[in-house]
Amino acid sequence: MKPNIKGVIQNCVSSIPDNEVALCLSSGLNSNSILFELVEQGKKVTAFTFSMEGIESRDYVHAKKNCETF
């Protein structure tokens with residue numbers, strides 16, 4: 001039986017005892033799925049991403065947009 005990925009993420013996030021968490025965030029499906037679940041479970045998220053000086057990468061732009069949205 002294959003595990004339901006949403007259920008796996010829910011279980012992992014619910015096992016985090018702290019209300020405030022840090023997340024390395026990119027524009028990818030993995031980190032954004034975790035971000036959405038953290039927000040759904042009422043966690044206060046501090047997201048970290050990076051960009052090179054003077055260059056806003058696609059990852060940076062999308063991570064920033066998702067942080068502003070959620």
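Read the figures in this text as sums done on the coordinates, not as results from a lab. All values derive from a computational prediction rather than experimental measurement. All Cβ positions, glycine included, derive from the backbone under ideal geometry; neighbour counts span all protein chains shown.
A few points about this structure:
- Under a 5 Å amide H cut-off, with hydrogens placed 1.01 Å from N, THR49 pairs with LEU25 among residues at least 5 apart or on other chains.
- Convex hull projection area averaged over all views, the chain, Cα basis, nm²: 5.2
- Helix 5-14 and the longest principal axis of the Cα set of the chain meet at an angle near 90°.
- Applying the criteria of a DSSP loop state and at most 16 other Cβ atoms within 10 Å to the GluC sites (Glu not before Pro) of the chain yields GLU53, GLU56.
- Applying both filters, DSSP loop and at most 13 other Cβ atoms within 10 Å, to the chymotrypsin sites (Phe, Trp or Tyr not before Pro) of region 1-53 gives PHE50.
- Residue-count net charge about ASN19 - beta-carbon cut-off 10 Å; Lys, Arg +1, Asp, Glu -1: 0
- You can think of it this way: the chain between VAL21 and ASN4 has 3.8 nm of extra reach, that is 0.36 nm per residue less the Cα-Cα gap.
- Estimated FRET transfer efficiency when R0 is 35 angstrom, pair SER14-MET52 (beta carbons, to 0.05): 0.45
- Each residue of region 25-39 was assigned a 3J(HN,Hα) from its phi angle through the Karplus expression (A = 6.51, B = -1.76, C = 1.60, θ = phi - 60°), giving 10, 10, 9, x, 5, 4, 5, 6, 4, 5, 4, 4, 5, 4, 5 Hz with x at Gly and Pro.
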